[in-house]
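Undergrad: Sharing a structure below in structure tokens format, with a few things to ask.
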Amino acid sequence: QVQLVESGGGLVQPGGSLRLSCAASGSIFSIYAMAWYRQAPGKQRELVAIMTRGGSINYADSVKGRFTISRDNAKNTVYLQMNSLKREDTAVYYCNADIQSAWNKEAVNYWGQGTQVTVSS
């Protein structure tokens, strides 16, 4: 069984920073793209940032220059460094990854359980 577990969410003041982590565990053969999504109340889930195994990165326009995605392939972990946070960044942040397990030839898309980020004074 493959799992994604996020950590690092919380309450932060506008202008502050947070770092989210997402660790994949289980019988993993290979991890391809890893990404962060978010969903604010009453809104659809949206892509925040995505990083391929080879290092290609894309960001949502709303977070460019403020957020940085990175990954440690040896630890099966992806990070999201969030700086200059704004109230509109408040959302549940979800980790997402395409993972090939040890017992499946095809990669499967997995989601984490989500972690709350609240930006408020």
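The values are calculated or read from the model by the stated rules, or taken from the named source; none is laboratory data. Predicted model only: the values in this text are computed from it and were never measured. Surface accessibility is based on the protein's heavy atoms, side chains included, excluding ligands, DNA and RNA. Shrake-Rupley method; radii C 1.70, N 1.55, O 1.52, S 1.80 Å.
Undergrad: Tell me the accessible surface of ARG53 in square angstrom (1.4 angstrom probe, heavy atoms of protein chains only), to the nearest ten.
TA: Rounded to the nearest 10, the figure is 120 Å².
Undergrad: If I take every Cα pair under 8 Å that is 6 or more residues apart in the chain, average their sequence separation and divide by the length, what percent do I get for the relative contact order?
TA: The value is 36 percent.
Undergrad: Could you put TRP103, TRP36, TRP111 in order of accessible surface area, largest first, with the 1.4 Å probe and the full protein assembly present?
TA: My answer, sorted largest first, is TRP103, TRP111, TRP36.
Undergrad: In whole Hz and in residue order, list the ³J(HN,Hα) couplings for region 19-33 that follow from phi through the Karplus curve 6.51 cos²θ - 1.76 cosθ + 1.60, θ = phi - 60°; x for Gly and Pro.
TA: So the Karplus estimates, Gly and Pro as x, are 10, 9, 10, 9, 10, 8, 9, x, 7, 9, 9, 7, 10, 9, 5 Hz.
Undergrad: Which percent of the accessible area of the chain is formed by carbon and sulfur heavy atoms (probe 1.4 angstrom)?
TA: After summing per-atom areas, the C and S share lands at 47 percent.
Undergrad: Okay, next question. Please arrange GLU46, GLU106 by accessible surface area, largest first, computed with a 1.4 Å probe and ligands excluded.
TA: From most accessible down to least: GLU106, GLU46.
Undergrad: Then there's this: Using a 1.4 Å probe and ignoring any ligands, DNA or RNA, find the accessible area of PHE67 and quote it in Å² to the nearest 10.
TA: Estimated to the nearest 10 Å², PHE67 gives 10 Å².
Undergrad: Could you order LEU18, LEU47, LEU4 so the one with the most accessible surface comes first? Probe is 1.4 Å.
TA: So, going from the largest accessible area down, we get LEU47, LEU18, LEU4.
Undergrad: Moving on to the next point. Rounded to the nearest 10 Å², what accessible area does TYR32 show when all protein chains are kept and the probe is 1.4 Å?
TA: For TYR32, solvent-accessible area is about 90 Å².
Undergrad: With a 1.4 Å probe and all protein chains left in place, how much accessible area per residue does region 1-118 have, in Å²?
TA: 53
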